[in-house]
Structures are given as C-alpha cells and as structure tokens.
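Engineer: Got a structure here, written out as structure tokens. Questions coming.
The values are calculated or read from the model by the stated rules, or taken from the named source; none is laboratory data. Just so we're clear, the structure is a prediction, and the values are computed from it rather than from any experiment. Backbone-built Cβ (ideal geometry, glycine too); neighbour counts: all protein chains shown. Heavy atoms of the whole protein, side chains included, go into the accessibility calculation; ligands, DNA and RNA do not. Shrake-Rupley method; radii C 1.70, N 1.55, O 1.52, S 1.80 Å.
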Amino acid sequence: MDETIMAAAHERAAAHRRRFDARFAAYFAALPEHLDTPALSRFTPRCLELLRELSLRGGKRLRVALLYEAARLVTAEPVPGLAEAALSIELLQTHGLVHDDIIDDAPVRRGGPSTYYAYRGEFPAGERTALGLAVLAGDLAAFLAMRVLLDAEVPARLRHAMLEVQLSAGAETVVGQIVDLERDSHALPDEELLHTVCEYKSTRYSVLAPLRLGLLAAGEDLAAHDGRLRRYATLVGIGGQLCDDYLDLFGDEAATGKSTGADLRAGRRSYAVTALLAATAGAERAVVESALGDPHCPPGTVERVRAIARQRGVDERLRADLRRYAEAARAEAAGWRPYWRAEAVAFFEGLPLWSARRVA
C-alpha cells in the first residue's frame, strides 16, 4: 500500500512540475515586455536573465504540487488563481535561493553557478558591484512574487487574502534567516532551536503557504482547518529539512546539484552537523571541528568527517528520525479524510513517504 501511495504522489508531483515549468518559462519570456525598465540599461536584462536561469534550472517544484493538490482537496474542477499563486511561490523561492547563496558564499546552486558567483565572475575586480547586483536580483524576485498575484483574475477579496499569505510567508522567511544565523552562534543548539529555524526559514513558506493558497483559491475557510494544516506542515517541514541536511553530508553531489559538505564548511549547525557534534569526542571531535566553518576544507577532510559520522551511526539516526516524521505526517494527513476529498488526501499521505525514500 505504501508503495502505491508513494508512486501516485510522485507521479502527480511530476505532472505538476512539467506543466508549471512550461508556464514559468513563458512567464520569463514575456517579463521584459511587462516590466518597465530603462531601455539604455545593460545590467537590468542581465539580472532578469540570471533570475530566469536560476528559476528554470531544476527544482522539485514540491511547493507547486502542494498548492494544486491543496485545491484538489476541495474540488476536482479547475480553480482560477492557482497559476499565478504557483508563479508567486516559485519566484519567492528564487528570491530565497539568491540571498541564501550570498549569505552562505555558495558557488553552486542546482548544478550551476549561484547568482552571486555568476556576478563575481563577470566583475572580478568589482566585488561590491557583484554583491550589490546579487542582492538586488534577489530583491527583484521577491517583488515580482507579490506583483504576479495582482494579475490573478479572481475577486479582489481573494487577491488580497492570497497576497496577505505570501507577504507573511516572505517576512517570516527573512526572520528565519536571522534565526538561522543566530543558531550558528550556539556551539551545540538544542532541538527546540533547530525546529524553530526550520519552521521560520522553510516550513511556513514551503509547506504552509502553498496549502493555504490552494485552499483559499478553492474557496475553503482556512480558520476552520488552521490547526491540522500547521501540524502537517510542521512534520513535513522538519522531515524535508532532515532530508536536505542528510544529503548535504552523505549525498551524491552529482545528484543533489550542490557541494557535499557545504553546511560543514559554512559552520552551519544543521540537524546533521549538530547530531555529529553530539556524537563525537576527543580526536574525532577535533577532526569535525577542524572542518567546521572552514570554507577551504579539502574534500579529503570532508570524507573523513563523513566516515566518522557513519561510524557513530549519525546517518542511521537521521534516517530513523526522517522516517518517524514521515510516518507522523502521513497519519496527520489520514485524519483529513472526514473533511476533504479522499483522492487528494492520498497525495498528502504519500508525499512525506516519498520524500523519506530519497535517503533510504
């Protein structure tokens, strides 16, 4: 039964991704005609090009799938406003990626150069220019994310409600970035702090906002279901972050599109790094701490840290935690059956199991 549920969720998510990617490409193709920019500017078209490249270069589009499937909880009929909401969600994601890579000094994103490093390559003697242009590119993506909702052909009241969801999600994500940096000032953050960072930096805009937008567009009363939406989003969000943190340390760089050991080199106290610090002492702990926060840490040292983590069972512990959160999320979604369409509920049951399978 689990395999069937997971396969169905994966298939539906893939279909949403294919349809959305075509629409996203069309959005960027038309954007220069609709965005009022100076005709003499050379930097502005390049900024739009870099945003387009990053936005269209990969990404699982799980937020888009959550959005459309949330609407399907209420109705199987087409729902106006979902296309614009999907664009808004992914433009906000692009904003977050651009700024994340600036904060983390990350050279690679989705198998290609980060926006920040693309600009650094174009302005090798102008570091401040490269930094400024990257910051502004991320800002532009955020404003475009809000602007696109105003173009939705839905009643004004619904547009306002959807915009409120996205503005709140954007603001809360910035707060999450602040708390993320605060977390890394702790030698060994506790679980509550790790969960708080996850909730604000990721869960609220990656899971909860798409659920709310989809249900809003379909005419559902959010207040009546706020508790169950938050519980599901929290479980899925933690599971997703555990998965990302696991892959950062134990994953295949060719498959993830990101440098393995990036969290370690950046000194980020992720779920994986915190578990590793808690599990080591003495000479092993010294090896870990020698790599922690060293941006020039060689691959050989990262491999030694990975071997220590496996010897101490950190990989098994993370996988077990991920399975636990996935099962709890599935159980939470199963409780939705009295309220919403069973076919759509099945997607939300299968999604966390499919995500957990990525590290199996």
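Engineer: Within the group ALA118, ALA85, which residue is farther than 18 Å from ALA145 by Cβ, outside any loop (DSSP other than H, G, I, E, B) and touching a Leu at 6+ places or on another chain (Cβ under 8 Å)?
Structural biologist: Going through ALA118, ALA85 in turn, the sole match is ALA118.
Engineer: Can I ask one more? Please tell me if THR94 is polar (S, T, N, Q), part of a helix (DSSP H, G or I) and within 30 Å of GLU220 (Cα to Cα).
Structural biologist: Yes, satisfied.
Engineer: As an exercise: evaluate THR173 against (1) at pLDDT below 95; (2) open to solvent by 30 Å² or more (accessible area, probe 1.4 Å); (3) more than 23 Å from VAL359 (Cβ to Cβ) and give the number of the one condition it does not meet.
Structural biologist: (2)
Engineer: Now a separate question. Looking only at helices (runs of 4 or more DSSP H) that fall completely inside the stretch 180-258, which ones have 1 or more residues that are among the charged types (D, E, K, R) and under 30 Å from THR75 (Cα atoms)?
Structural biologist: Passing ranges, in order: 209-217, 226-250.
Engineer: Being open to solvent by 10 Å² or more (accessible area, probe 1.4 Å), charged (D, E, K, R) and out of contact with any strand residue (DSSP E or B) (no Cβ under 7 Å at 6 or more places or on another chain) is the filter here, so list the residues in the stretch 54-94 that pass it.
Structural biologist: LYS60, ARG63, ARG72, GLU77, GLU84
Engineer: Can you name the number of the only condition in (1) part of a helix (DSSP H, G or I); (2) in contact (Cβ under 8 Å) with a residue 40 or more places away in the chain that TRP336 fails?
Structural biologist: (1)
Engineer: Same structure again: Of the residues GLY261, GLY219, which single one is in contact with a Pro (Cβ under 9 Å, 6 or more places away or on another chain), on the phi > 0 side of the Ramachandran plot and not hydroxyl-bearing (Ser, Thr, Tyr)?
Structural biologist: GLY261
Engineer: How about the stretch 269-291: which of its residues are within 26 Å of the chain's Cα centre (by Cα) and open to solvent by less than 30 Å² (accessible area, probe 1.4 Å)?
Structural biologist: Within the stretch 269-291, SER270, TYR271, ALA272, VAL273, THR274, ALA275, LEU276, LEU277, ALA291 meet the criteria.
Engineer: Out of all the residues in the stretch 135-158, which are of a type outside the set (A, V, I, L, M), closer than 25 Å to LEU229 by Cα and either in contact (Cβ under 8 Å) with a residue 12 or more places away in the chain or assigned to a loop (DSSP other than H, G, I, E, B) (or both)?
Structural biologist: PRO155
Engineer: Another question, then. Just to be sure, is ARG324 open to solvent by 70 Å² or more (accessible area, probe 1.4 Å), assigned to a helix (DSSP H, G or I) and closer than 26 Å to LYS60 by Cα?
Structural biologist: So ARG324 passes the test.
Engineer: Which ones in the stretch 295-321 are open to solvent by 60 Å² or more (accessible area, probe 1.4 Å) and either in a loop (DSSP other than H, G, I, E, B) or touching a Cys at 6+ places or on another chain (Cβ under 7 Å) (or both)?
Structural biologist: Across the stretch 295-321, the qualifying residues are PRO295, HIS296, PRO298, ARG312.
Engineer: Something else about it: Give the residue that is farthest from LYS60 (Cα to Cα), with candidates limited to residues of the stretch 16-37 that are of a type in the set (Asp, Glu) and open to solvent by 50 Å² or more (accessible area, probe 1.4 Å).
Structural biologist: Checking each candidate, the answer is ASP36.
Engineer: Next question. For the stretch 114-123, which residues satisfy the criterion of being farther than 16 Å from PHE43 by Cβ and surrounded by fewer than 20 Cβ atoms within 10 Å (Cβ to Cβ)?
Structural biologist: The one that is farther than 16 Å from PHE43 by Cβ and surrounded by fewer than 20 Cβ atoms within 10 Å (Cβ to Cβ): TYR117.
Engineer: Here's something else I'd like to know. Counting only residues that are open to solvent by 10 Å² or more (accessible area, probe 1.4 Å), within 16 Å of LEU66 (Cα to Cα) and aliphatic (A, V, I, L, M), how many does the stretch 222-237 have?
Structural biologist: 3
Engineer: Surrounded by 14 or more Cβ atoms within 10 Å (Cβ to Cβ), of a type outside the set (S, T, N, Q) and not in a helix (DSSP H, G or I): is that true of VAL165 in this structure?
Structural biologist: Here the answer is no, as VAL165 does not meet what is asked.
Engineer: Restricting to the stretch 323-337, count the residues that are of a type outside the set (Gly, Ala, Ser) and either over 20 Å from ARG230 (Cβ atoms) or over 22 Å from the mean Cα position of the chain (by Cα) (or both).
Structural biologist: Count: 3.
Engineer: Same structure, new question: Is one or more of the residues making up the stretch 242-261 open to solvent by less than 20 Å² (accessible area, probe 1.4 Å), in contact with a Gly (Cβ under 7 Å, 6 or more places away or on another chain) and among the aliphatic types (A, V, I, L, M)?
Structural biologist: There is at least one residue in the stretch 242-261 that is open to solvent by less than 20 Å² (accessible area, probe 1.4 Å), in contact with a Gly (Cβ under 7 Å, 6 or more places away or on another chain) and among the aliphatic types (A, V, I, L, M).
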